[in-house]
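All of the numbers you see were taken from the coordinates with simple rules; none came from a lab. This one's a predicted model, so the numbers in the text were calculated from it and none came from an experiment. All Cβ positions, even for glycine, are placed from backbone atoms using ideal geometry, and neighbour counts span all protein chains on display.
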Amino acid sequence: MFLPPVQFTTLRLASVNKVYLRWHTHRLRPLSALARLTLGEVQELAAALGIRVVEFTADERNALALVILLPTETVSACASKLKGRISKWLRGQAGLAQVDHVLGRGYFACTSGHNTREDVTGYLESQPGHHGYDRRILPPVFVKEWSLSPVDESRLNPTHAMALLHYHMVFAVANRHGVFGSESGPVIADNWRRKQKAGKFALLKVAFVPDHIHLAVRIHPAVAPVELAAQLMNVAQECLLRDFPEHLIEARVGRLWPDSAYLGSYGDITTRTVRGYLRKWEAQAGRG
């Protein structure tokens, strides 16, 4: 049996990818020009980079932005490009030379969304009951959660940066055929975990039901979500072909995955909370 692999270049993700970014000035030295930088000016600077900035505020030492990224983009590239444009603008405003340091090294980044981590992990836990499989004597489901080790925390952050990038992914089988279960789920999850170091991600929780899979993952900022999604879908397909071909044959599957999936960013800070925090800081800076 042959099933075509998923190509990330043709994979369409229904996505919500919101990231909160923060920088500070070099050695926290005050720059009055930074406090004058407006959302409209940042949006103009970012437009040429293909970056959508929806919130921005700054004082003389710190800058914060909420950006919406395509799933093909990496957070590290976005942070680097936007930081470079802002630095260039600040040098021009302050009359500084190209060699002068303006913003400090690195950045802080965290994903945001309508849901918190507790919301997403709770939703994954509820999948067996949500689909009625918990009433069966042998439910065809698999749900498991893992904790991050200090080694995981270290490898998911680049030098001079801190990133908390969480995503909820959903992979649905083509035509909603039922192929997954309590037997194949653990094997696929174990194969995913073997790819974590090379793929620069960490599997936080999975929920397998027969016709789709939910995942909660944390990624390194150099990883494009769409590339990771394609990799995970292909690993799952390879596991079924190698270890459970009878499940595919019984379901009469001509292809396992459609060229689509879902990706949603989430974090301990919701988008609404981030926006409120930015506006509050902006008001305080204005009074000062």
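Using the Cα centre of the chain as origin and beta-carbon charges of +1 (Lys, Arg) and -1 (Asp, Glu), tell me which of Phe171, Leu90, Thr9 is placed farthest towards the positive end of the dipole.
Final value for the positive-end residue is Leu90.
In degrees, nearest 10, range 0 to 90: what is the angle between the Cα axis of helix 184-194 and the longest Cα principal axis of the chain?
It is inclined by approximately 40 degrees.
What do you get when you divide the Cα radius of gyration of the range 113-266 by 2.2 N^0.38 Å, with N the number of residues?
Output field value: 1.04.
Over the range 1-52, how many percent of alpha carbon pairs lie in each 10 Å bin up to the one with the longest distance?
Once binned at 10 Å, the Cα pair distances of the range 1-52 give 16, 30, 25, 13, 11, 4, 1.
Filter the trypsin sites (Lys or Arg not before Pro) in the range 90-147 to those in DSSP coil with at most 15 other Cβ atoms within 10 Å of their Cβ, and list the result.
Sites meeting the loop and neighbour criteria: Arg105, Arg136.
Write down, largest first, the equivalent ellipsoid semi-axes of the range 101-189 in whole Å, where each equals the square root of 5 times an eigenvalue of the alpha-carbon gyration tensor.
Output for the range 101-189: semi-axes of 36, 15, 13 Å.
Where does helix 225-243 land angle-wise versus the long Cα axis of the chain, in degrees 0 to 90, nearest 10?
Tilt of helix 225-243: around 20 degrees.
Could you sort 246-257, 202-213, 230-241 so that the peptide with the highest average Cβ count within 10 Å comes first and the rest follow in order?
Top to bottom by mean Cβ count within 10 Å: 202-213, 230-241, 246-257.
Charges at C-beta only: +1 for Lys and Arg, -1 for Asp and Glu. How large is the resulting dipole of the range 87-136 about its Cα centre, in Debye rounded to 20?
Result for the range 87-136 is approximately 220 debye, rounded to the nearest 20.
Could you state the principal axis extents of the C-alpha atoms in the chain, from the largest down, to the nearest angstrom?
70, 35, 33
Report the Cα-based extents of the range 169-243 along its three principal axes, largest first, to the nearest Å.
34, 22, 19
If you line up the long axis of helix 271-287 against the longest principal axis of the chain, both from Cα atoms, how many degrees apart are they, to the nearest 10?
For 271-287 against the chain, the angle is about 10 degrees.
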